[in-house]
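Peer 1: Just passing along the structure, written as structure tokens.
The values are calculated or read from the model by the stated rules, or taken from the named source; none is laboratory data. The structure displayed is predicted, hence computed values, not measured ones. Note that we place each Cβ from the backbone using ideal geometry, even for glycine, and neighbour counts take in every protein chain shown.
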Amino acid sequence: MIEHEITQMQAGKKVHRVVRQMLPGIPLSGIYKMIRTGRVKLNGKKAKPDQIVDTGDRLILFIHRDDYENVKKSPHKFSGIRTDIEVLEETSDWLAVHKPAGVLTHGAAGEHKHTLVNQVAAYLYQKGDADSDTYSPAPLHRLDRNTSGIVLFAKNGWAAKEISRQIQNGQIEKYYIALVHGEIKHRGSIQLAISRRENNRTVISDASDARPARTDFEPIVSNGKSTVVCLQLITGRTHQIRAHMKHIGHALVDDVKYQGGRAIRELNNENADKAPHQWLHAFMLQMADGHIVRDPLPKDFRNKLQKMGYSSFEINEIDKYNPFSD
């Protein structure tokens, strides 16, 4: 018999997920069978698969100790995973990290190891702030591979549930800086429904599967041929900014997907300003309690602006831009 006290990092999860994390050597069907046959108890009572656990709950697994040792989760070694991520802010419940252009937020076809998710997990494991038997840090939103900026991660189940709810309800505000073609003189709001196509491209659409989308924008500085704009995502659809800005005639500079061209799959801090990719940076989040997290313009973005003719003074003003000032 194995007794386990639910930790803060496990709080908010369903019983079957907690047991699955504790016993990864047992297939999911076996986990459900254990629960169904009463070999899992929560606070002294037969557990149900979808019961939500809370901090301090007592979970009992009726499994022999030797069997448990064979199927329990081994500590992650994170061999070869970078841990030198740029942590912008960290609390006991969440951390905000900088995602460079070229890095996937989470795994996709052809790349599962060197993702921001794994880097954050390795970072927390290295500093002793992760329990391999409880909760894996989860991104609360995502950025496109070639978009840089802030990504929020939950460090426990309660935070994942609560912050996700706040994002869904629009209580967390997301602001971006983008370099776009053409001159924009006035602020505006784009409220056009969008949908995805088979080629993974987002388009303006009135189809039945189209979803409402709104992007607010305000010009910061322009050189006549291009404009640096601040954008606020009121909704959070995939490729929303890129599709909306293209639709109004101000596509993002070097956006190969929405202007044609070859998509770039391998970027790093050294060549990001040389390889074509959209210049879009998630520079600010306002949390539900009003707390603000900022991420300065990365070096490659600053280099690009210089090459486009923007002065050092203008670039510094862009970096200090406050969307709340009128």
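Peer 1: Filter region 146-190 down to residues that are free of Cβ contacts under 8 Å to residues at least 60 places away in the same chain and part of a loop (DSSP other than H, G, I, E, B) and give me whichever is nearest to Gly56 (Cα to Cα).
Peer 2: Asn169
Peer 1: Same structure, new question: Pick out the one residue from Asp50, Asp54, Asp66 that is outside any loop (DSSP other than H, G, I, E, B), among the charged types (D, E, K, R) and over 30 Å from His114 (Cβ atoms). Let's see the steps before the verdict.
Peer 2: On the way: Asp50 fails: outside any loop (DSSP other than H, G, I, E, B); Asp54 fails: outside any loop (DSSP other than H, G, I, E, B).
Sole residue among the options that is outside any loop (DSSP other than H, G, I, E, B), among the charged types (D, E, K, R) and over 30 Å from His114 (Cβ atoms): Asp66.
Peer 1: When residues of region 303-326 are filtered for being basic (Lys, Arg) and surrounded by 18 or more Cβ atoms within 10 Å (Cβ to Cβ), how many remain?
Peer 2: 1
Peer 1: Quick one: in region 247-258, of everything that is closer than 11 Å to His181 by Cα and out of contact with any Pro (no Cβ under 7 Å at 6 or more places or on another chain), which residue is modelled with the lowest pLDDT? Explain how you work it out, then say what you get.
Peer 2: Taking region 247-258 and keeping what is closer than 11 Å to His181 by Cα, we get 248-255.
Cutting the leftovers down to out of contact with any Pro (no Cβ under 7 Å at 6 or more places or on another chain) gives us 248-253, 255.
Numbers: Ile248: 93, Gly249: 92, His250: 94, Ala251: 93, Leu252: 94, Val253: 94, Asp255: 89.
Ranking the candidates gives Asp255 first.
Peer 1: For the subset of region 18-47 comprising residues that are part of a helix (DSSP H, G or I) and charged (D, E, K, R), which member is surrounded by the most Cβ atoms within 10 Å (Cβ to Cβ)? Steps first, answer last, please.
Peer 2: To start, the set of residues in region 18-47 that are part of a helix (DSSP H, G or I) comprises 18-22, 28-36.
Filter again for charged (D, E, K, R), leaving 20, 33, 36.
Values: Arg20: 18, Lys33: 12, Arg36: 13.
Only one residue fits best here, namely Arg20.
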